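Quick one: this structure, given as structure tokens, is what I'll be asking you about.
Readers should treat all values here as calculations from the given coordinates under stated rules, not as data from a laboratory. Nothing here was measured: the structure is a model prediction, and the numbers come from that model. Here the Cβ positions follow ideal geometry from the backbone for every residue, glycine too, while neighbour counts run over all protein chains shown.
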Amino acid sequence: MPEANSRSNKIMPSILSADFANLQRDIEKVPGADALHVDVMDNHFVPNLTLGLPVVESIRKITDKFLDIHLMIDEPDVWAPGYAEAGVESVTFHLEAAKAPVRLAREIRAKGARVGMALKPATPIEPYAELLGEVDMILVMTVEPGFGGQKFLDLTLPKIARARELINKTGTDIWLQVDGGVSADTIARCADAGADAFVAGSAVFGVDDPDAMVASLRQTADSRTS
């Protein structure tokens, strides 16, 4: 199973901003990426509808890249395990939607995938501090989930910093991911706050050389954490 490097900053292009008619082509444009971030939306938890399990299974067949699945869906307790069964490396669900997050996290891990828990911009991290031992990643949404290309919300930076403090107290290697409006202009602020996994969509796939942008974003993040 491919592993993203847990000891360095990780750049994870979001295929939400790729050309869905030429998805394999666009995936192949970012060979330097640490992972591919795949947004699954159901038009219920968020007001948008993207792709589902059959497309994820198809993506798995065309790439051996680390697949980071972000479920923006109702009833993740029902649907999330199926994504782990599809052979992806990481499955993230929203705490706002999960009915039994500990049980779900353990089920996903039992099926061989890493577990992420995601928080909307207005959801505080502190009430979930006791859950950190059950997950491999925290995702702090830096825009309201549902659509790509939104402007980064600076108000999320203090929460990123608090999440980093809580992670450090555990003494374990839990990734801290940010998703939404991450670009050459904002990644330094995220890294300064403590993030080490960066989802970038339009910033990567909206330029002529996506892989060069991946390298540039990583260089910027590394310069803030070295």
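Applying the Karplus parametrisation 6.51 cos²θ - 1.76 cosθ + 1.60 with θ = phi - 60° to the phi angles of region 13-20, what ³J(HN,Hα) value in whole Hz is obtained for each residue in order, glycine and proline being reported as x?
So the J values, rounded to whole Hz, are x, 8, 6, 4, 9, 7, 8, 5.
Measuring from label point to label point, each 7 Å out along Cα→Cβ, what is the Ala215 to Asp185 span in nm?
The answer from the label model is 2.5 nm.
On to the next question. Name the residues whose placed amide hydrogens come within less than 5 Å of the amide hydrogen of Leu95, ignoring near sequence neighbours (fewer than 5 apart) on the same chain.
Under 5 Å from the amide H of Leu95 lie the amide H atoms of Ala118, each far enough along the sequence or on another chain.
Okay, moving on. Enter the Cα centre distance for the pair region 1-78 and region 154-210, rounded to the nearest angstrom.
Rounded to whole Å, the Cα centres lie 17 Å apart.
Taking 22 Å as the cut-off for C-alpha to C-alpha distance, list the pairs among Lys61/Lys120; Lys29/Lys111; Lys120/Lys159; Lys120/Lys151 that go past it.
Flagged as over cut-off: Lys61/Lys120; Lys29/Lys111.
Moving on to the next point. Need one number: the % of Cα-Cα pairs in region 10-225 sitting beyond the 25 Å mark.
32
How large is ³J(HN,Hα), in whole Hz, for each residue of region 187-201 in order, when computed from phi with the Karplus curve 6.51 cos²θ - 1.76 cosθ + 1.60 and θ = phi - 60°, using x for Gly and Pro?
Calculated HN-Hα couplings, in order: 5, 5, 5, 5, 5, 4, 6, x, 5, 9, 9, 10, 8, 10, x Hz.
All other residues with a Cβ under 10 Å from the Cβ of Ala84 taken together, and with Lys, Arg as +1 and Asp, Glu as -1, what is their net charge?
0
Put +1 on the Cβ of every Lys and Arg and -1 on every Asp and Glu Cβ in region 1-139; which of Pro76, Gly133, His94 then has its Cα farthest towards the positive end of the dipole?
After comparing all options, I get Gly133.
Now, a different point. Filter the trypsin sites (Lys or Arg not before Pro) in region 1-87 to those in DSSP coil with at most 15 other Cβ atoms within 10 Å of their Cβ, and list the result.
Of the trypsin sites (Lys or Arg not before Pro), the ones in loops of region 1-87 whose Cβ has at most 15 other Cβ atoms within 10 Å are Arg7.
Same structure, new question: With contacts defined as alpha carbon pairs under 8 Å and 6 or more residues apart, what's the relative contact order of the chain in percent?
Computed value for the chain: 21 percent relative contact order.
Another question, if that's okay. Given H placed on each backbone N at 1.01 Å, which residues far from Trp175 in sequence or on other chains put an amide H within less than 5 Å of it?
So Trp175 has HN proximity to Met137, Ile138.
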